[in-house]
Every structure is written in structure tokens, then in C-alpha cells.
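Peer 1: Before I ask anything, here is the structure I am working with.
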């Protein structure tokens, strides 16, 4: 019986890598060995970038909440514990959205929390 070779599987793996390397510059888009390293590097940066985006968005929400809180006579650091004590369970994303688009509603939330 002849030896089984993984040609088809190898071809599919190679095709998947080369498809992901489309748009890369120079040998990174044409040579499989170089393209594989470039794709692995790009995927690693992609993973890191997704984590950084979450971090950046949280910082943005906090800045927006703080700005709106200051317009209502308090600060972010006083508002968040007051919301927790009043058992108002709104996350930062929702609070930032309300602060930007519905300032009157945000004012009501701050008054409900009774921030000193």
C-alpha cells in the first residue's frame, strides 16, 4: 500500500494562511513561510488590540460620566459609590450613554442617588 501523504490538508492550511496574508506587502503576501509568520504576528496584535479597545472604551465612559457628574455638582468618585449605596445597577457604558444623549435623565439618576 502506498504511503499516505497529507497533501490536501497541507494545501488547505497553506491556502488559509495565504488568504489571511492578502494585502500584506512584498514577500509576506506571496511566500508561504514568510506569510505564516506575518499572519501569526498580525493575529497576536489583533488579540492584544481587542483587549486594549475594551480598556480604552471604559476610560472614555468614565470621562463622559465624570464630565456629566460635574455639571450636576458632583464628581465621578462620589457618584459611583452613591449609585451602589442606592442600589442603582447601571453599568458605565449605559451611564455614559444616558449622560450624553439624555442629560435630564442623568440628572434624575444623580438626584436619586443623593450624592452629597
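Peer 1: How far is helix 92-101 tilted, in degrees, relative to the longest principal axis of the Cα atoms in the chain, given as a value from 0 to 90 rounded to the nearest 10?
Peer 2: Orientation of helix 92-101: about 70 degrees from the principal axis.
Peer 1: Still on this structure, I have one more. How would you order 88-96, 63-71 from highest to lowest mean count of nearby Cβ atoms within 10 Å?
Peer 2: Peptide ranking by packing, descending: 63-71, 88-96.
Peer 1: Which FRET efficiency value, to the nearest 0.05, is calculated for residue 104 and residue 22 with the Förster distance at 41 angstrom and r the Cβ-Cβ distance? It would help to have the intermediate numbers written out before the result.
Peer 2: Working: r = 50 Å, r/R0 = 1.22.
Efficiency at R0 = 41 Å is approximately 0.25.
Peer 1: Using only the alpha-carbon atoms, how far is helix 7-20 inclined from the longest principal axis of the chain? Give it as 0 to 90 degrees, nearest 10.
Peer 2: Tilt relative to the chain: about 40 degrees.
Peer 1: Report relative contact order for region 7-113 in percent, whole number only (criteria: Cα-Cα under 8 Å, sequence separation at least 6).
Peer 2: The value is 19 percent.
Peer 1: Give me the angle, in degrees from 0 to 90, between the Cα long axis of helix 32-71 and the longest principal axis of the Cα atoms of the chain, rounded to the nearest 10.
Peer 2: Approximately 0 degrees, to the nearest 10.
Peer 1: Here's a follow-up. To the nearest 0.05, how large is the calculated FRET efficiency for residue 88 and residue 10 if R₀ is 41 Å and r is the Cβ-Cβ distance?
Peer 2: After rounding, the FRET efficiency stands at 0.10.
The numbers here are math on the coordinates, done by the rules we state, and not lab data. Because the structure is a prediction, the values reported are computed rather than measured. So basically every Cβ, Gly included, is an ideal-geometry build from the backbone, and we count neighbours across all protein chains shown.
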